[in-house]
Amino acid sequence: TLSTQTDYRDGETQTDPYSPEYVIPSGSIPELLTLATLTWGRGLPAGLAEVEMIERAREKRAWEATLPAMDSASQIAKRRKMMDDMERKEWAFREQEIEKLQEVRLKVLKKLLQRREENQNELDAKRLDDHWQNHQKAKEEKFKKIQHDFALMLRKMIARRKNVMGKLERRDIIKEYTDFASQTYAPLSRIGYFPDNHSERYVVKNFYLDTFAGMCELEASLPDSVTQVKIKAPKPKYTATKTGFIKRSAKLEVDLAQVHQALLEKKNKVKEPKKPLRLLEKIEKPVPRPPTPVLEKPSIEEEETELAVICLQKLLRGRAIQNMMFEEKEKRLDLIRELRTTHALQEDGQLLLKAEAQMTLALQQQHNLQMHKLSSVESQLAREEGRALANVFDFLSKELVRLQEERKIHAFVMLAERQRRMREAEESGRRQVEERRRQEEDEIFKQAREGDCTIDSYLEDIILSSIEDTAEEQAREEVQRMAAEINDIAYEMESRQTRLQSEEIVAELVYNFLIPEADKMSIREKVRQSQRKHIYAAHQIIHRDTE
């Protein structure tokens, strides 16, 4: 009834499949032991590559079984030829495997290069996006600064237009307090006043709302009807059926009852008499207004001095404004000239404009000539540099091709030297074999001349050797033909069969290969023993006659 969950999976505790111990009988080498190098995860379960390897091993064992014995010179030459053919096949197969590996490596290298290029493109795009965002931020900040300066200058111009004459206006406190849009009630933050500062002063602090003990006390003082709400289900106004359907007659009856009740309440309603006043209401008198303050009339001397000061201020301000206008005019002299060019009506101005235009055109032509000369010089330099670089690169590429050709020629020379040495070694071996064969034939002919009995044995040996050679050739041809037929049938069956069927066939082949091979080995041993008797008798006769 209980379930548990571990920290480990079944795959983490899985071990290699169990391989039981085995005993090999003496004189037998089962084919299954050739697969002992394959382990779980390294060749097992067997795939297409492992099956091809097993087939190649079988073909090699079959080929080794068909190799002729090294009992005569002809058999040795035939054996060497067969071994050379097999070595060529193995080298060709190894070259194919190397080419496959190189193709796989090239594919992996292409994928890595493509992935590196994609990563580099992403990095470049990210850098460009960051650069563009930085430019956008700088542009937005510049726009904000321009808008801020524009608003500031606009406010200054508005303030100047309000007081064009430059009259001295004193502060009117009464006007400021009567106008609720003035700085007294709504000060601007750009002047330096921030109304949100120290806003915590106006926060209402309560013991019952800010502390846990106060909340508990407040909750205990409340009645149960506040904390424990009781909700009564409303009674249905209309009588409904079991399925929840409201009949039209029931709804009409309820509406008529409500109208009748409203009519009765209106009919029986009695006007309530006015209640007399229980207490007298006191009408408060308005607070008397304070007396209007009266300013003292200044004296004539003070007024004259004040007017003189105002006049001096006007002069100073006018001079300052004049200086400012002159500075601004010097700063924007180019714009003023441009405006004069667009709105010039006098002939002198037009002549000056034409002269300036001709001068600017001459300067522009001179600049274009200089730029043309510079561009021609740069193009010549670039052409010379390109020519020099092309010559250098051409020389380097030719040197590289020459070095590669030299290495190829050196490799061909080494291969030719190796082949020459191998051919010389083979030729020397052939000469030694021919000399040995000639010596044996001379010895045999010498022995054959000595007696008639030796001639019969010589003829028997020749006939036996020819019979064996022909039988061996016929058997080899038959075996090759049967092997080709069996291979065709096996390939056709293998293309049709499933994985289970292929495993069953492999098991049957492994099982059926052991017993026939043991029988063949025993038969070969018996034939070898029987032939050894005859060979031994012939040798005894030959040696006895020679002695």
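The values are calculated or read from the model by the stated rules, or taken from the named source; none is laboratory data. In this text the structure is predicted, and so the values were computed from the model without any measurement. Positions of Cβ are generated from backbone atoms using ideal geometry, with glycine treated the same way; all protein chains shown enter the neighbour counts. We work out accessible area using only protein heavy atoms, side chains counted, and drop any ligands, DNA or RNA first. Shrake-Rupley method; radii C 1.70, N 1.55, O 1.52, S 1.80 Å.
Restriction of the trypsin sites (Lys or Arg not before Pro) in the stretch 129-179 to DSSP coil positions whose beta-carbon has at most 14 other beta-carbons within 10 angstrom yields Lys167, Arg170, Arg171. Computed from label points 7 Å out along Cα-Cβ, the spacing between Gln370 and Gln531 is 10.7 nm.
Bridging of Lys78 to lysines at a Cα separation below 19 Å is possible for Lys60, Lys89, once same-chain residues fewer than 8 apart are set aside. Around the amide H of Leu44, modelled in the peptide plane, lie the amide H atoms of Thr39, all under 5 Å away and 5 or more residues distant in sequence or on another chain. Using a 10 Å Cβ count of at most 16 others and DSSP loop calls, identify the longest part of the chain lacking such chymotrypsin sites (Phe, Trp or Tyr not before Pro). In short, 246-547. Using a probe of 1.4 angstrom and keeping all protein chains present, the accessible surface of the chain works out to 97 square angstrom per residue.
Taking Lys274 as the anchor, which aspartates and glutamates have their alpha carbon closer than 19 Å to its alpha carbon, excluding any fewer than eight residues away along the same chain? Here the aspartates and glutamates satisfying the reach criterion relative to Lys274 do not exist.
As a rough guide to protection, the peptides 247-253, 76-82, 287-293 ranked by mean Cβ packing within 10 Å, highest first, stand as 76-82, 247-253, 287-293. Label-to-label distance, Leu263 versus Glu440, with points set 7 angstrom from Cα along the beta-carbon direction: 14.8 nm. Were the residues from Arg58 through Val377 laid out at 0.36 nm apart, the gain over their Cα-Cα distance would be 107.0 nm. Partner aspartates and glutamates whose Cα lies under 16 Å from the Cα of Lys139, excluding those fewer than 8 positions away in the same chain, are identified as Asp129, Asp130, Asp149.
Beyond a 32 Å Cα-Cα separation, which of these cross-linked pairs lie in this structure: Lys235/Lys269; Lys126/Lys398; Lys235/Lys266?
From the list (Lys235/Lys269; Lys126/Lys398; Lys235/Lys266), the Cα-Cα distance tops 32 Å for Lys126/Lys398.
The accessible surface of the chain, taken with every protein chain in place and a 1.4 Å probe, is 58 percent carbon and sulfur.
Our summary gives the chain a relative contact order of 16 percent, counting only alpha carbon pairs under 8 angstrom and 6 or more residues apart.
Every Cα-Cα pair of the stretch 301-343 was included, and the share exceeding 18 Å stands at 53 percent.
Normalised by 2.2 N^0.38 Å, where N is the number of residues, the C-alpha radius of gyration of the stretch 345-421 stands at 2.83. Taking 0.890 mPa s as the viscosity and 25 °C as the temperature, the Stokes-Einstein diffusion coefficient of the chain based on its alpha-carbon Kirkwood radius rounds to 54 µm²/s. With each label modelled as a point 7 angstrom along the Cα→C-beta vector, the Ile310-Lys285 pair spans 4.4 nm.
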